[in-house]
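The values are calculated or read from the model by the stated rules, or taken from the named source; none is laboratory data. Computed from a predicted structure; not experimentally measured. Here the Cβ positions follow ideal geometry from the backbone for every residue, glycine too, while neighbour counts run over all protein chains shown. Accessible surface areas use protein heavy atoms only, side chains included; no ligands, DNA or RNA. Shrake-Rupley method; radii C 1.70, N 1.55, O 1.52, S 1.80 Å.
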Amino acid sequence: MPLVPGRQILEEALKGGYGVGAFNVNNMEQIQSIMMAARETQSPVIIQASRGALKYSNLIYLHHLMLAAAEENPDIPLAMHLDHGNNLESAKTAVGLGFTSVMIDGSLKEDGKTPTTYQENVDVTSAVVQYCHKFGVSVEGEIGTLGGIEDGVGSGQIHLTDPDQAITFIKATKLDYLALAIGTSHGAYKFKVAPKLATDIVDKVRAKTPIPLVMHGSSSVPKELVDEINKYGGKMPNTMGVPIPAIQECIKKGVAKINVDTDGRLAITGAIRKVFVEEPSKFDPRDYLTPARAAHAKVVAERMRQFGAAGHAKDYKCITLEDNKAYYASKGL
Ligand code: G3H
Ligand code: 13P
Ligand code: ZN
């Protein structure tokens with residue numbers, strides 16, 4: 001099955017009352033483990049690559065790896081998404097590589113750190129929507145900013161989404177789905193005490209728009225994964241993530257795309273550290289990448305079940321980018 005436009009996967013999730021995990025990748029093993037989990041749980045899935053991931057993989061490698069993932073898994077609805085695009089150029093690159101979904105993070109300037117004005121966000125997001133829709137590619141925007149800094153993604157300060165501004169933004173830009181800032185942040189050190197997310201923002205936005213909503217910074221940072229890293233020589237004190245029930249509450253309220261990167265990184269790192277410590281004579285990368293892939297697949301499958309996506313892979317007939325292009329043209333989007 002060819003890669004599916006993100007819009008269809010997320011609109012189907014909204015209809016079905018479940019969330020679709022959008023999992024970050026940088027290499028072949030991560031793509032394979034996510035697809036292993038999607039097959040095992042029969043879940044639709046979004047694989048996403050940040051600008052850092054595209055640079056790391058030299059663009060062309062990720063392009064061919066995602067085509068391989070689609071070819072190997074014809075029965076799994078799979079979208080390939082650009083995570084935190086920072087300008088029109090990054091969107092054009094992703095469209096050129098065959099991505100079926102693009103995020104333009106216009107809440108921050110091109111440096112990925114400095115917050116923009118509302119109008120700057122509208123301008124860059126509208127330009128990306130106009131460009132991407134011509135190719136049938138779906139677009140995610142963001143209003144409000146997350147905390148935490150990951151390789152230049154995040155202002156380091158949280159500005160929660162203003163629900164009224166979110167609605168004006170959706171109308172002004174004609175985007176497909178919107179990321180809200182409700183108190184989460186990227187990375188493994190999100191909170192010091194159990195968080196209370198601003199879920200009223202989700203309610204207020206959902207009350208006035210039917211489009212799918214997105215949660216970034218949604219790793220749960222499970223204690224057992226961090227303990228495994230620390231047991232084998234890691235040093236990750238005082239981590240805390242988003243509790244799964246808080247994510248499930250947001251899904252019930254209309255969040256359809258849930259971004260998870262850190263939990264995968266933790267699972268992979270713990271598995272590799274274990275081999276290095278327990279079997280120091282090993283030097284074949286397959287000896288530690290195989291358990292790393294299995295550990296990543298395990299946490300991804302768990303998230304697919306927890307988000308309610310499991311069992312929904314065959315619910316609908318997938319459309320192509322050409323179909324989606326015709327849809328946008330017919331709706332004037
Ligand atoms: O949004 C941030 C993601 O975790 C991607 O992180 O920019 O280090 O690839 P990265
Ligand atoms: P985490 O760091 O919580 O996994 O968030 C990932 C993310 O939001 C990617 O865009
Ligand atoms: Zn993010």
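Listed by first and then second residue, the pairs linking a residue in the stretch 67-80 that is within 12 Å of residue 31 (Cα to Cα) to a residue that is among the aromatic types (Phe, Trp, Tyr), with Cβ atoms under 8 Å apart and 6 or more places separating them unless they lie on different chains, are 80/99. Contact map, the stretch 132-143: first residue more than 13 Å from residue 98 (Cβ to Cβ), second residue of a type in the set (D, E, K, R), Cβ cut-off under 6 Å, separation 6 or more or different chains; pairs are 138/7; 138/176; 139/176; 142/105. With the condition kept exactly as written, say whether any residue in the stretch 184-198 is aromatic (Phe, Trp, Tyr) and assigned to a loop (DSSP other than H, G, I, E, B). Yes, some residue in the stretch 184-198 is aromatic (Phe, Trp, Tyr) and assigned to a loop (DSSP other than H, G, I, E, B). Could you go through the stretch 250-257 and let me know if any residue there is in contact with a Lys or Arg (Cβ under 8 Å, 6 or more places away or on another chain) and closer than 20 Å to residue 10 by Cβ. Yes: one or more hits.
Scanning the stretch 77-97 for residues that are part of a loop (DSSP other than H, G, I, E, B) and over 17 Å from the mean Cα position of the chain (by Cα) returns 87, 97. Out of contact with any strand residue (DSSP E or B) (no Cβ under 7 Å at 6 or more places or on another chain), open to solvent by less than 20 Å² (accessible area, probe 1.4 Å) and closer than 25 Å to residue 185 by Cβ: does that describe residue 122? In short, yes. Contact map, the stretch 197-208: residues that are over 19 Å from residue 146 (Cβ atoms) paired with residues that are among the charged types (D, E, K, R), Cβ distance under 6 Å, separation 6+ or inter-chain. Pairs shown: 203/253; 206/253. Pairs are defined by a Cβ separation below 6 Å, a sequence spacing of at least 6 or placement on different chains, a first member in the stretch 235-247 that is surrounded by fewer than 16 Cβ atoms within 10 Å (Cβ to Cβ), and a second member that is hydroxyl-bearing (Ser, Thr, Tyr); the pairs so defined are 244/220.
Among residues belonging to the stretch 202-234 that are among the hydroxyl-bearing types (Ser, Thr, Tyr) and either open to solvent by less than 10 Å² (accessible area, probe 1.4 Å) or away from ligand 1 (no atom under 16 Å from the Cβ) (or both), point out the one that is nearest to residue 166 (Cα to Cα). Among those that are among the hydroxyl-bearing types (Ser, Thr, Tyr) and either open to solvent by less than 10 Å² (accessible area, probe 1.4 Å) or away from ligand 1 (no atom under 16 Å from the Cβ) (or both), it is 209. Annotation: of all residues in the stretch 294-312 being on the phi < 0 side of the Ramachandran plot and more than 18 Å from the chain's Cα centre (by Cα), the one that is surrounded by the fewest Cβ atoms within 10 Å (Cβ to Cβ) is 294.
It is to be established whether one or more residues within the stretch 125-141 are open to solvent by 30 Å² or more (accessible area, probe 1.4 Å) and hydroxyl-bearing (Ser, Thr, Tyr). Yes: the stretch 125-141 contains one or more residues that are open to solvent by 30 Å² or more (accessible area, probe 1.4 Å) and hydroxyl-bearing (Ser, Thr, Tyr). Which count do you get for residues in the stretch 170-198 that are of a type outside the set (Gly, Ala, Ser), more than 19 Å from the chain's Cα centre (by Cα) and open to solvent by less than 30 Å² (accessible area, probe 1.4 Å)? Total meeting the criteria: 2. Taken over the stretch 98-121, the criterion of being of a type in the set (Val, Ile, Thr), part of a loop (DSSP other than H, G, I, E, B) and closer than 19 Å to residue 46 by Cα is satisfied by 100 alone. In the set 116, 145, only one residue is of a type in the set (Ser, Thr, Tyr), in contact with a Ser or Thr (Cβ under 7 Å, 6 or more places away or on another chain) and open to solvent by less than 10 Å² (accessible area, probe 1.4 Å); that residue is 145. Residues in the stretch 53-69 that are of a type outside the set (Gly, Ala, Ser) and within 16 Å of ligand 2 (Cβ to nearest atom): 54, 55, 56, 62.
Taking the criterion of being in contact with a strand residue (DSSP E or B) (Cβ under 8 Å, 6 or more places away or on another chain), over 30 Å from residue 318 (Cβ atoms) and within 14 Å of ligand 2 (Cβ to nearest atom), would at least one residue in the stretch 164-181 satisfy it? The answer is yes; a qualifying residue exists.
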